[in-house]
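Below: the structure, in structure tokens.
The values are calculated or read from the model by the stated rules, or taken from the named source; none is laboratory data. Being a predicted model, the structure only gives us computed values, none of them experimental. As a convention, Cβ positions derive from the backbone with ideal geometry for all residues, glycine included, and neighbour counts pool all protein chains shown.
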Number of protein chains: 2
Amino acid sequence: MQRRCLDDSSCPVARSLDSIGDWWTLLIVRDAMLGIRRFSDFQRSLGLARNVLSARLKKMVVDGVMTMAPAGDGTSYQEYQLTEKGEALLPVLVAMRQWGKRFLFAPGEPRQELIDRRSGKALETIRVRGVDGRERGIADLGLVTASSS
Amino acid sequence: MQRRCLDDSSCPVARSLDSIGDWWTLLIVRDAMLGIRRFSDFQRSLGLARNVLSARLKKMVVDGVMTMAPAGDGTSYQEYQLTEKGEALLPVLVAMRQWGKRFLFAPGEPRQELIDRRSGKALETIRVRGVDGRERGIADLGLVTASSS
């Protein structure tokens, strides 16, 4: 299927999906957040063909989600690191993780759990809130056209 | 590219992407949250071919993200509605929207903004927090294997 380009859409969700909506991109971001830096380690973690992984990483560098730099250990390896823009995807991944945990696992089924190192506990469940800090649901929301500041 | 099936992965992010990682699915969820119910209205909003939209909606019903029921107005139309599982994607969409707003728009560029109807203001920025309510960054997080409760 030809993917329609939505990078000129006025909807930030559509633009985001245009940039990171490829199925592998968020898994690469997930792995990078867990400390993976090298091509071969991404490949091992994701089980992805070299050419596909290479194309995805290249696009992520072009999009400014990752940077590529020589490894600091004097070898000829390149290392991939998340930029500020890439690291800012953390709330998206945590929200997705919490949704998956709630709806896609059977009771007792083993799953990977993201914890807060300090407390050893799971994170707070992400909720949508107004500026007063109170939770908002779908019925509370509306859409307006604004200008970016 | 053959998509690798990750619905048996122990990582909730991978399972979530297996279910909702198709690029169109989250745009359909977005439209449904904004009140769209009918096939022809989804089609108009998304500019998507009938067969593609039909396949996506069918998968979303199978996955339990949407339900399909006869329209309440006595016509032969079918209406699609988000289930609890589908509505629970709100934090994922809002986090994605806020990321897109921050990184993918030039200053002054018009964009759609989700507001809280009550206050007319934008929503609170979604952050990852520990159970103590304080923000956590990538370096604060760790991964463990747990059992679903």
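A compact table of results
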| item | result |
| --- | --- |
| B:T125 vs. criteria at pLDDT 95 or above, polar (S, T, N, Q) and within 18 Å of B:L34 (Cα to Cα) | no |
| Count - residues of region A:45-98 that are touching a helix residue (DSSP H, G or I) at 6+ places or on another chain (Cβ under 7 Å) and among the hydroxyl-bearing types (S, T, Y) | 3 |
| Among residues of region A:4-22, those that are facing chain B (nearest Cβ under 7 Å) and either buried (at least 19 other Cβ atoms within 10 Å of the Cβ) or modelled with pLDDT of 75 or more (or both), counted | 10 |
| Yes/no for B:E87 being under 24 Å from A:G21 (Cβ atoms) and either surrounded by fewer than 20 Cβ atoms within 10 Å (Cβ to Cβ) or among the charged types (D, E, K, R) (or both) | yes |
| Selection within region B:130-149 - within 26 Å of the chain's Cα centre (by Cα), under 21 Å from A:Q81 (Cβ atoms) and small (G, A, S) | B:G137, B:G142 |
| Residues of region B:106-131 satisfying the condition of being within 15 Å of A:G133 (Cα to Cα) and not basic (K, R) | B:I115, B:D116, B:S119, B:G120, B:A122, B:L123, B:E124, B:T125, B:I126, B:V128 |
| Residue list for region B:123-132, restricted to those being facing chain A (nearest Cβ under 7 Å), part of a loop (DSSP other than H, G, I, E, B) and either more than 22 Å from A:C11 (Cβ to Cβ) or in contact with a His (Cβ under 6 Å, 6 or more places away or on another chain) (or both) | B:R127, B:V128, B:G130, B:V131 |
| The lone exception for A:G74 - which of (1) on the phi > 0 side of the Ramachandran plot; (2) at the interface with another protein chain (Cβ under 9 Å from one of its Cβ atoms) it fails | (2) |
| Subset of region B:88-122 (residues that are among the polar types (S, T, N, Q) and at the interface with chain A (Cβ under 7 Å from one of its Cβ atoms)) | B:Q112, B:S119 |
| Region A:116-138 - residue that is without any contact (Cβ under 8 Å) to a residue 24 or more places away in the chain, of a type outside the set (D, E, K, R) and surrounded by 13 or more Cβ atoms within 10 Å (Cβ to Cβ) and, of those, nearest to B:V94 (Cα to Cα) | A:V128 |
